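K.L.:
One structure, as structure tokens, below. Some questions next.
Coordinate-derived values only; no laboratory data. Keep in mind it's a predicted model, so treat the numbers as computed, not measured. Don't worry about glycine lacking a Cβ; one is built from the backbone with ideal geometry, like all the others, and counts go over all protein chains shown.
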Amino acid sequence: MNEPNRSHPRHEITINAALTCLSTDSRIVKTRDISVGGMFLLLDNPEDFPIGETAKVHYLDPFDDDADTYRDAVIVRVTDDGIGISFVELDEFPG
């Protein structure tokens with residue numbers, strides 16, 4: 001997707017993040033870029049993370065004075081070097 005079509009601009013920021021998904025154990029990964037709406041996580045096995053799977057990510061938010069942050073997310077993109085996740089609020093899903 002081209003940058004002008006994005007809702008939130010990406011920033012090339014590398015930080016550590018703890019990623020937890022249903023299909024894999026929790027692990028520490030590095031980000032390639034971050035936006036207010038999501039992030040791209042570098043992985044050595046992105047094929048193990050299907051599009052649509054929910055995830056939890058824990059990181060120090062560089063946009064909020066490195067606040068200790070926990071976010072729910074959905075995997076929206078899988079490439080050869082990682083996954084893109086979009087942040088969601090769980091109350092967005094019908095109960």
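K.L.:
If each residue of separation counts as 0.36 nm, what is the full-extension length gain between D65 and K30 once their alpha-carbon separation is subtracted?
P.N.:
10.7 nm
K.L.:
A further question follows. If I take every Cα pair under 8 Å that is 6 or more residues apart in the stretch 1-71, average their sequence separation and divide by the length, what percent do I get for the relative contact order?
P.N.:
Worked out over the stretch 1-71, it gives 27 percent.
K.L.:
Follow-up. Starting from one equal scatterer on each C-alpha and no solvent at all, send me the Debye-based log10 I(q)/I(0) for the stretch 3-89 at q = 0.13, 0.18, 0.24 Å⁻¹, two decimals.
P.N.:
-0.36, -0.71, -1.31
K.L.:
Please list, in order along the stretch 57-66, the HN-Hα scalar couplings obtained from phi with the Karplus expression 6.51 cos²θ - 1.76 cosθ + 1.60 (θ = phi - 60°), rounded to whole Hz, x for Gly and Pro.
P.N.:
In residue order, the calculated couplings are 10, 10, 7, 8, 6, x, 8, 9, 6, 6 Hz.
K.L.:
Using packing as a proxy for protection, rank 33-42, 60-69, 77-86 so that the peptide with the highest average count of other Cβ atoms within 10 Å comes first.
P.N.:
Details: 33-42: 19.5, 60-69: 11.6, 77-86: 17.6.
Result, highest mean Cβ count within 10 Å first: 33-42, 77-86, 60-69.
K.L.:
Suppose each label sits 7 Å from its Cα in the direction of the beta carbon; what would the E89-H8 distance come out to in nanometres?
P.N.:
That separation, rounded to one decimal, is 1.3 nm.
K.L.:
Then there is this: Say each of I15 and L42 gets a label point 7 Å from the Cα, pointing the same way as Cα to Cβ; how far apart are those two points in nm?
P.N.:
Those two pseudo-labels are separated by 1.7 nm.
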